[in-house]
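Undergrad: I am attaching a structure below and will ask some questions about it afterwards.
The values are calculated or read from the model by the stated rules, or taken from the named source; none is laboratory data. Predicted model only: the values in this text are computed from it and were never measured. Don't worry about glycine lacking a Cβ; one is built from the backbone with ideal geometry, like all the others, and counts go over all protein chains shown. Surface areas here come from the heavy atoms of the whole protein model, side chains and all, with no ligands, DNA or RNA. Shrake-Rupley method; radii C 1.70, N 1.55, O 1.52, S 1.80 Å.
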Amino acid sequence: MAFMSAAEQYKILTENASEIITDEEFRNKLEKSVDENKPLRCKLGIDPSAPDLHLGHAVVLHKLRQFQDLGHHVVLIIGDFTGRIGDPTGRSEMRRQLTEEEVMANAKTYQEQLFHILDPEKTEMVFNSEWLSRLNFADVISLAARLTVARMMEREDFYKRYQDNVAIGVHEFFYPLMQGYDSIAVKADIEFGATEQRFNLLMGRQLQRDYGQEPQVAFTMPILVGINGVEKMSKSLGNYVGLTEPPDQIYGKVMSIADNLMEEYFRLATTISSDEINSILENIKSGELHPRDAKMRLAREIVSLYHGAEAAKDAEKNFKQVFQKGEMPAEIKVFQFEAPVEIVPVMVECGLAPSKSEARRLIKQGGVKINGKTVSAIDVQLAQGSGEDGIIIQVGKRKFARVKVT
């Protein structure tokens, strides 16, 4: 295929990037790619440490899709081997090591979700156990000899844990070495990650040099703030928007963000052009566009990316019914249970809470209603023979389920 000029590609691909190490090397790689009519090999490593992807993960994935649309090749490394250690980045304590079964179950879910964004025809998916599991102890010693303890302690997370007398496992030191070795195995031209991944990405550059390869460019993207506007988006913090959540939930969560987060979400969580985003922001500032209407556009765009335009249109209609008119959603998913059944497991089964402990917490905080009445106890049993329409369980302002107990 004929590539767009290196200068045109550079302008598109650097948009919204946090840091490119180095900018000159990136320009050179693009020019070489065009001259040789050869796509760049763009590496992204993902450890399947949790079963679901959210908008925070999507920031890097959308950048990779831009590279694919311009003709480049994505090498997606599922870290089934590194995932057994877990990335120590940003950790204040040692991670629990996942079993092989847990890692592979999460990896399967990731594979299903990643192609909501990436082009499968331009994506090479590999598991890093293919090469890491073959290294013998002599290989590991040779690899470890290329890094000093002093260099490893430059990592803020390790340094802080050491200062606070919090245990650091020796195996955790191997994580950046293993991730760096991945770059050698796939001959990466560019590696992508969030800003907090900088140390790991630079390790790949160092090891490629040591093993006689041209060093990869480290390409970092911003970290998306969660919907609470405080910490980074994270499922464990409950401030996330999942890629596979129902359209109504995605729409409602996006509508809940503070107005001052809109620009960040427009730029990092949608595929709208910068020129159009600038126009939207300018119209808000001038008073020509109400912030609420801009946020509804944002919510529509995000739902459309993962569920399509029709689903986005329906989600907006339901949102207006529930929040602007105080009505129930037009459609509520129906679940059936056999008596006897208590509300806590029902909430989990219906997707109203991620766990039983979270369901109990929501009930104790008064955030759960049955047919409009607040639930006051965690051991409430749902009535059998609840009629043709069943009962409506509502959690917070956005989650509804219709339950029939037989």
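Undergrad: Of everything in the stretch 1-20 that's touching a residue at least 60 places away in the same chain (Cβ under 8 Å) and over 23 Å from the mean Cα position of the chain (by Cα), which residue is least open to solvent (accessible area, probe 1.4 Å)?
TA: If we take residues in the stretch 1-20 being touching a residue at least 60 places away in the same chain (Cβ under 8 Å) and over 23 Å from the mean Cα position of the chain (by Cα), then GLN9 is least open to solvent (accessible area, probe 1.4 Å).
Undergrad: Now for a different question. Hey, does the stretch 121-144 have a residue that's over 25 Å from LEU207 (Cα atoms) and either part of a loop (DSSP other than H, G, I, E, B) or not basic (Lys, Arg) (or both)? Please lay out each step first, then the result.
TA: Taking the stretch 121-144 and keeping what is over 25 Å from LEU207 (Cα atoms), we get 121-122.
So of that shortlist, the ones also either part of a loop (DSSP other than H, G, I, E, B) or not basic (Lys, Arg) (or both) come out as 121.
Among the residues of the stretch 121-144, at least one is over 25 Å from LEU207 (Cα atoms) and either part of a loop (DSSP other than H, G, I, E, B) or not basic (Lys, Arg) (or both), which makes the answer yes.
Undergrad: Looking for something closer than 18 Å to LEU64 by Cα, basic (Lys, Arg) and modelled with pLDDT under 95 - is there at least one such residue anywhere in the stretch 247-264?
TA: no
Undergrad: Could you identify the single residue in ILE280, ILE257, ILE284 that is open to solvent by 20 Å² or more (accessible area, probe 1.4 Å), β-branched (Val, Ile, Thr) and free of Cβ contacts under 8 Å to residues at least 40 places away in the same chain? Step through it out loud before you land on a result.
TA: On the way: ILE280 fails: open to solvent by 20 Å² or more (accessible area, probe 1.4 Å); ILE257 fails: open to solvent by 20 Å² or more (accessible area, probe 1.4 Å).
Step by step, each of ILE280, ILE257, ILE284 is checked, and only ILE284 is open to solvent by 20 Å² or more (accessible area, probe 1.4 Å), β-branched (Val, Ile, Thr) and free of Cβ contacts under 8 Å to residues at least 40 places away in the same chain.
Undergrad: Specify which of the listed residues (LEU281, LEU298, LEU362, LEU289) is touching a strand residue (DSSP E or B) at 6+ places or on another chain (Cβ under 7 Å) and either assigned to a helix (DSSP H, G or I) or among the hydrophobic types (A, V, I, L, M, F, W, C) (or both).
TA: On the way: LEU281 fails: touching a strand residue (DSSP E or B) at 6+ places or on another chain (Cβ under 7 Å); LEU298 fails: touching a strand residue (DSSP E or B) at 6+ places or on another chain (Cβ under 7 Å); LEU289 fails: touching a strand residue (DSSP E or B) at 6+ places or on another chain (Cβ under 7 Å).
From the options LEU281, LEU298, LEU362, LEU289, the qualifying one is LEU362.
Undergrad: In this structure, does GLY351 turn out to be part of a loop (DSSP other than H, G, I, E, B), within 18 Å of TYR240 (Cβ to Cβ) and among the small types (Gly, Ala, Ser)? Before you say what the answer is, go through the steps one by one.
TA: On the way: part of a loop (DSSP other than H, G, I, E, B): yes; within 18 Å of TYR240 (Cβ to Cβ): yes; among the small types (Gly, Ala, Ser): yes.
It is true that GLY351 is part of a loop (DSSP other than H, G, I, E, B), within 18 Å of TYR240 (Cβ to Cβ) and among the small types (Gly, Ala, Ser).
Undergrad: Any idea which residue in the stretch 145-168 is farthest from PHE199 (Cα to Cα), counting only those that are part of a helix (DSSP H, G or I) and open to solvent by less than 100 Å² (accessible area, probe 1.4 Å)?
TA: Kept after step one, since they are part of a helix (DSSP H, G or I), are these residues of the stretch 145-168: 149-152, 156-163.
Among the residues that remain, those that are also open to solvent by less than 100 Å² (accessible area, probe 1.4 Å) are: 149-152, 157-158, 161.
Details: VAL149: 14, ALA150: 13, ARG151: 10, MET152: 9, ASP157: 11, PHE158: 12, ARG161: 17 Å.
Top of the filtered list is ARG161.
Residue-by-condition table, conditions (1) more than 30 Å from LYS295 (Cα to Cα); (2) modelled with pLDDT under 85; (3) not acidic (Asp, Glu):
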residue: VAL322; (1), (2), (3): no, yes, yes
residue: GLU331; (1), (2), (3): no, yes, no
residue: PHE335; (1), (2), (3): yes, no, yes
residue: GLU349; (1), (2), (3): yes, no, no
residue: ALA359; (1), (2), (3): no, no, yes
residue: ALA383; (1), (2), (3): yes, yes, yes
residue: GLU388; (1), (2), (3): yes, yes, no
residue: VAL395; (1), (2), (3): no, no, yes
residue: PHE400; (1), (2), (3): no, no, yes
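Undergrad: Could you grab the pairs with beta carbons closer than 8 Å, sequence gap of 6+ or different chains, first residue in the stretch 209-223 and touching a residue at least 24 places away in the same chain (Cβ under 8 Å) and more than 25 Å from LYS63 (Cα to Cα), second one in a loop (DSSP other than H, G, I, E, B) and open to solvent by 60 Å² or more (accessible area, probe 1.4 Å)?
TA: Short answer, once both residue conditions are applied: ASP210/ARG146.
Undergrad: Looking at this structure, is GLY287 of a type outside the set (A, V, I, L, M, F, W, C) and under 20 Å from ARG398 (Cα atoms)?
TA: Numbers: of a type outside the set (A, V, I, L, M, F, W, C): yes; under 20 Å from ARG398 (Cα atoms): no.
When the stated conditions are applied, GLY287 does not pass them.
Undergrad: Here are some conditions: (1) under 23 Å from ASP248 (Cβ atoms); (2) of a type in the set (Gly, Ala, Ser); (3) without any contact (Cβ under 8 Å) to a residue 40 or more places away in the chain. ALA377 meets all but one. Which one does it not meet?
TA: Here ALA377 clears every test but (1).
Undergrad: For residues that are within 19 Å of the chain's Cα centre (by Cα) and open to solvent by 40 Å² or more (accessible area, probe 1.4 Å), tally how many sit in the stretch 287-299.
TA: Here is the first cut: in the stretch 287-299, the ones within 19 Å of the chain's Cα centre (by Cα) are 298-299.
Of the ones still in play, those that are also open to solvent by 40 Å² or more (accessible area, probe 1.4 Å) are none.
So the count comes out to 0.
Undergrad: Look through the stretch 191-232, keep the residues that are aliphatic (A, V, I, L, M), outside any loop (DSSP other than H, G, I, E, B) and out of contact with any Lys or Arg (no Cβ under 7 Å at 6 or more places or on another chain), and return whichever of them is surrounded by the most Cβ atoms within 10 Å (Cβ to Cβ). Explain how you work it out, then say what you get.
TA: Restricting attention to the stretch 191-232, the residues satisfying the condition of being aliphatic (A, V, I, L, M) are 194, 201-203, 207, 217-218, 221, 223-225, 227, 230.
Checking the rest, the ones that are also outside any loop (DSSP other than H, G, I, E, B) come to 194, 201-203, 207, 217-218, 221, 225.
Right, trim to out of contact with any Lys or Arg (no Cβ under 7 Å at 6 or more places or on another chain) and you get 194, 201-203.
On the way: ALA194: 20, LEU201: 28, LEU202: 17, MET203: 24.
Ranking the candidates gives LEU201 first.
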